[in-house]
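All remarks here apply to the structure that follows.
The values are calculated or read from the model by the stated rules, or taken from the named source; none is laboratory data. All values derive from a computational prediction rather than experimental measurement. Neighbour counts run over all protein chains shown; Cβ positions are idealised from the backbone, glycine included.
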Amino acid sequence: MKVGIRLGSLGTGSLKKDLQRALAIGVHGVQLRVVDTEIDPRTLSRSGREELADYIDSFEFDVAALSGELGGFGDSSAVDERVSRTRDMLDMCVELRAPLLTADAGAIPDAGSRPYDVLTDTVRALAQHAIERDVRLALTTGTEDVSRLAAFVAHVKSEGLRITYDPAGLRRVGNDPVSQVDTIGRLIAHVYARDAQRGATAEPGAECGLTKGDAQIEEALLRLREAEYDGYLTVAYDRDEDLAAYAVEAVTWLKRQEGVDP
């Protein structure tokens, strides 16, 4: 496994400066936020994308993933725009040499319902778009038990669709993140290395520094090794100021763990 970091801002106010700081922190790769940022596909030109890809290469970084969360695909009033933007972000994965795009699953409707069938068709089409570009779409675990998401991914039946495992997001609403690795094991294509206090759906727990919460990160890493996961562990925080404060400690700790590249 390798260690990455999700860049929104590391307190520099500039993506290029963030990349310089990421190099100093010692990560192997980066995840880039592309929704409503300076590198949103709607605003970044082709030449700008080429320049960015070359700049990232100069650090010898992998682009572990692009972060393209738009809120899911279940809202009929917004789905057309979200699908269009997601397709554009999958195209950008190719240009920035990223193997996958992370995205919100949103609420999964009841199996067999009309909304479930519509969501299936929507996500299957996006997954096919990903396959045609030799990248993957990875839906992030949310507030629901992951068995529901796993069943949906299995129902879509596409090699272009995988799962991003977020232990902190699961723990914040009271789910057990460790046992759920067993449910989604071979479907995991990306992992967020972050922690949180245990909470409930009505009152989510607070996000906190890695190993400082209740997400049982060490046990989760063991389960990931057992599932033969060998991708990125991406350090991420909802608030950029927390990422800047905790990143060095989190990356240092992760690189000391069994199965993680130093």
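See the values below:
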quantity: Evaluation of VAL27 against (1) within 22 Å of GLY160 (Cα to Cα); (2) of a type in the set (A, V, I, L, M); (3) touching a strand residue (DSSP E or B) at 6+ places or on another chain (Cβ under 7 Å); (4) modelled with pLDDT of 95 or more (one fails), failing number; calculated: (1)
quantity: Tally, over the range 220-254, of residues that are of a type in the set (Asp, Glu), within 22 Å of GLU144 (Cα to Cα) and surrounded by 15 or more Cβ atoms within 10 Å (Cβ to Cβ); calculated: 0
quantity: Hits in the range 75-96 - residues which are outside any helix (DSSP H, G or I) and either closer than 12 Å to VAL123 by Cα or at pLDDT below 95 (or both); calculated: ASP75, SER76, SER77, ALA78
quantity: Qualifying positions in the range 51-74 - in a strand (DSSP E or B) and either among the small types (Gly, Ala, Ser) or under 25 Å from ALA150 (Cβ atoms) (or both); calculated: ALA64, ALA65, LEU66, SER67
quantity: The range 174-226, residues that are under 18 Å from the mean Cα position of the chain (by Cα), charged (D, E, K, R) and part of a loop (DSSP other than H, G, I, E, B); calculated: ARG194
quantity: Failed item in (1) surrounded by 17 or more Cβ atoms within 10 Å (Cβ to Cβ); (2) over 29 Å from ALA220 (Cα atoms), with SER158 passing the rest; calculated: (2)
quantity: Looking only at the range 113-135, and only at residues there that are of a type outside the set (Lys, Arg) and within 11 Å of PHE152 (Cα to Cα), the one that is surrounded by the fewest Cβ atoms within 10 Å (Cβ to Cβ); calculated: ASP117
quantity: Which numbered condition TYR55 fails, given (1) within 23 Å of ALA247 (Cβ to Cβ); (2) in contact (Cβ under 8 Å) with a residue 24 or more places away in the chain; (3) surrounded by 18 or more Cβ atoms within 10 Å (Cβ to Cβ); (4) over 17 Å from the mean Cα position of the chain (by Cα); calculated: (3)
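Every residue, every condition in (1) under 22 Å from LEU44 (Cα atoms); (2) among the basic types (Lys, Arg); (3) not in a helix (DSSP H, G or I), yes or no:
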residue: THR102; (1), (2), (3): yes, no, yes
residue: ALA111; (1), (2), (3): no, no, yes
residue: THR120; (1), (2), (3): no, no, no
residue: ALA125; (1), (2), (3): no, no, no
residue: HIS129; (1), (2), (3): yes, no, no
residue: LEU139; (1), (2), (3): no, no, yes
residue: GLY142; (1), (2), (3): no, no, yes
